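The values are calculated or read from the model by the stated rules, or taken from the named source; none is laboratory data. Quick caveat: nothing in here was measured; it's all calculated off a predicted structure. Cβ sites come from the backbone with ideal geometry, for glycine too, and all protein chains shown count toward neighbours.
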Amino acid sequence: MLPLIRGEVKQLHNEISERQGRTVDPDCPCRMPNVKERIAGKGIRFDLGYTPNALCAPARASFFTGLYPSVHGMYNNYHSMPVIHVGLYPGVKLFSQHLRNAGYNLSYIGK
């Protein structure tokens, strides 16, 4: 087997990533009734998505606040050096705080 050159590796990665993102499509052979029918079928499914930042911490902070990194204060992953700013700016609220204030019982889980 010949080694893959850089362009071929990138193309292979793109094809695999696209297939993984399409598992909720109705014509995908994956059997996932709860995801396909209950979540994607009755909810909102986005065909295109863009991240406000290539790093995970600022992108997740944007997801949970609805704000751009320049507004919420997370510019990079805080464990990466050099750190531009640690944590959110004072007064920035996550949508989970609004849910808690509305009476929802919340829990936390990480990867």
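Determine whether the range 23-35 contains at least one residue that is surrounded by 14 or more Cβ atoms within 10 Å (Cβ to Cβ), assigned to a loop (DSSP other than H, G, I, E, B) and basic (Lys, Arg). No, the range 23-35 contains no residue that is surrounded by 14 or more Cβ atoms within 10 Å (Cβ to Cβ), assigned to a loop (DSSP other than H, G, I, E, B) and basic (Lys, Arg). Name the residue that is surrounded by the most Cβ atoms within 10 Å (Cβ to Cβ), counting only residues in the range 70-111 that are in a loop (DSSP other than H, G, I, E, B) and of a type in the set (Ser, Thr, Tyr). Among those that are in a loop (DSSP other than H, G, I, E, B) and of a type in the set (Ser, Thr, Tyr), it is Tyr75. Counting only residues that are at pLDDT 90 or above, over 20 Å from Cys56 (Cβ atoms) and among the aliphatic types (A, V, I, L, M), the range 90-111 holds 2 of them. The residues of the range 43-69 that are of a type in the set (S, T, N, Q), surrounded by 14 or more Cβ atoms within 10 Å (Cβ to Cβ) and not in a helix (DSSP H, G or I) amount to a single one, Asn53.
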